[in-house]
Amino acid sequence: MMSGLMLVFLFISISFMIEVKSENQKMKDVATSYRDTKVNLNEALYAEFEEDLEKWDASITQDSSIVFHSPEVLFEVSQSALKDEFKTVLMQFFPRYIKILTSKEYQDTIKELRVEGHTSNEWARSSSEKEIYLNNMKLSQSRAYEVLSYCYTLQNSIILENRPWLEKYFRANGMAFSKMKEKSEARRVEFTIALRSEEKVYEILK
């Protein structure tokens, strides 16, 4: 009797170990896929834009965010209307950017494309922390929206062809000074990408 029970428990233990090993392999595969996608996308962005980054005063982070740094190029102080110089930069940048993201290699891996507006933690003629925060949040959201609106309405064949994709994935986020590290880098615009790999992990856990 005891021998029979021990065999049952042994089979249950082995089955559980096999299932755990299988789930661990799935998680490992997702992590590997996520890493490879991030690396390949980063390399593709560098290959496309490396020669333009200096003249745009832009950079590409390890997470494949593209950051436009020069506040004097982007907007007037405390205003959200795009300056003509920044419009020219976006005309040169955005269609090529979308061509990469909507390519067969990446289009199914993108969860969200965000344009983020970032500001300083200051506001002229205001000493109230509440007022400074709310004014900068409103300004950053307005700036992000203006960038999104301009990019979405570009009369370019790549953009026109991919408007349904943009409507599904392209978002504008006002960040105010929530991600401010240095004041010299406070006023900027970032294009960031969220990948689907996290969703795949949740699917496995279910």
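Every read-out reported here was derived from the displayed coordinates using simple, explicitly stated rules and does not represent laboratory data. Here the structure is a predicted model, which means the values were calculated and not measured. So basically every Cβ, Gly included, is an ideal-geometry build from the backbone, and we count neighbours across all protein chains shown.
Of note:
- Global geometry of segment 88-206, whether rounded, prolate or oblate, following the gyration tensor of its Cα atoms and the 1.5 cut on a/c: oblate
- Estimated FRET transfer efficiency when R0 is 25 angstrom, pair Val39-Lys99 (beta carbons, to 0.05): 0.80
- Test item: Cα-centred dipole of segment 68-206, Lys/Arg +1 and Asp/Glu -1 on Cβ, debye: 180 debye
- The GluC sites (Glu not before Pro) of segment 99-205 meeting both criteria, a DSSP state outside H, G, I, E and B (loop) and at most 15 other C-beta atoms within 10 angstrom of the site's C-beta, are Glu105, Glu122, Glu182.
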